[in-house]
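What follows is a set of notes on a single structure, which appears directly below.
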Amino acid sequence: MKHILKSIFSLFFLFSLFFANAQRKEAPKPKIKDTVTVNTVPAKTVVVKKDTVIKTDTIIAPVKTDRYGLRLGIDLFKLSRSFYDKDYKGLELVGDYRWSKKYYIAAEVGNENKTTDDARLNFTTKGSYIRVGFDYNGYENWLDMENIISIGMRYGFSTFNQQLNNYKIYNTNQYFGEIPPVTSGQKYNGLTASWIEVVAGMKAKVFNNVFMGFSLRFNRLITNKQPNNFENLYIPGFNRTYNGDFGVGFNYTVTYFVPLYKKKVKPAEEVKKTPKK
């Protein structure tokens, strides 16, 4: 009996160890979770009363504008020549009006009194003239600059008179020397001439509303009323004639711009790209 009890106790003890070991293997292991602690700030509730206007700061780009107006001035070349050339007196007033972004209506009005001492003739020309036309500004200004590099055309008209002071008769026989000049004093009134000219020039702003500029002109006579026995070698506003119909001119000006109004500059239109097929 004692041996039977001892055997039963031993079996029970082995069974207990087996059961405990089985429970240890089947027991779930604790899971480790990665956690991040985030400090949260409670949202603030903004209460806006009725009829309350909330003002915000905004940056508005300035609108670019172009000035339009009248530019008036004087030809410094003719004015200064009147002081150092005893045979010349002249005055020319210049002006232009900005018609559009690129085009200007331009005009010059002047008066000249010039004595020409040629190889065979000495004569005096007196008269007035006017030139009217346009200039096209091909210069693209940036910021608020208003400089001009232009090309244009003019129609000119002049009324004048010529006085033949003296002339020399060509002597084929040089044995007795040169024949003295013959005094004439004959005057030719009511003379007229008209022409067209191509003008290239520039104007640059040197001070506020003050511009300096110059232009070079190429002239072609259209009409020229001349006496029967005298040729118009010099025409006021046209200058010296070469080969009868052609001439050149030059002026150096200072002008003052009088602004009248402004126009908003329209932004350049975006070029739409057409998709390639």
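The table for this structure:
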read-out: Sparse-neighbourhood loop sites, chymotrypsin sites (Phe, Trp or Tyr not before Pro) in segment 60-128 - DSSP loop, at most 13 other Cβ within 10 angstrom; value: W99
read-out: Loop-located trypsin sites (Lys or Arg not before Pro) in segment 209-261, at most 16 other Cβ atoms within 10 Å (DSSP); value: K225
read-out: Ranking by accessible area, most exposed first, for E140, E146, E108, E231 with a 1.4 Å probe; value: E140, E231, E146, E108
read-out: Heavy-atom accessible area per residue - segment 125-263, 1.4 Å, Å²; value: 57 Å²
read-out: Residue-count net charge about N209 - beta-carbon cut-off 11 Å; Lys, Arg +1, Asp, Glu -1; value: +2
read-out: Difference of contour (0.36 nm per residue) and Cα-Cα distance, Y167 to A200; value: 8.1 nm
read-out: Distance from segment 184-238 to segment 66-112 (C-alpha centre basis), Å; value: 12 Å
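The values are calculated or read from the model by the stated rules, or taken from the named source; none is laboratory data. Predicted model, so just to flag it, every value in this text is computed and none were measured. Every residue, glycine among them, receives a Cβ derived from its backbone with ideal geometry; neighbour counts consider all protein chains shown. Please note that ligands, DNA and RNA were not included when accessible areas were found on the heavy atoms of the full protein model with its side chains. Shrake-Rupley method; radii C 1.70, N 1.55, O 1.52, S 1.80 Å.
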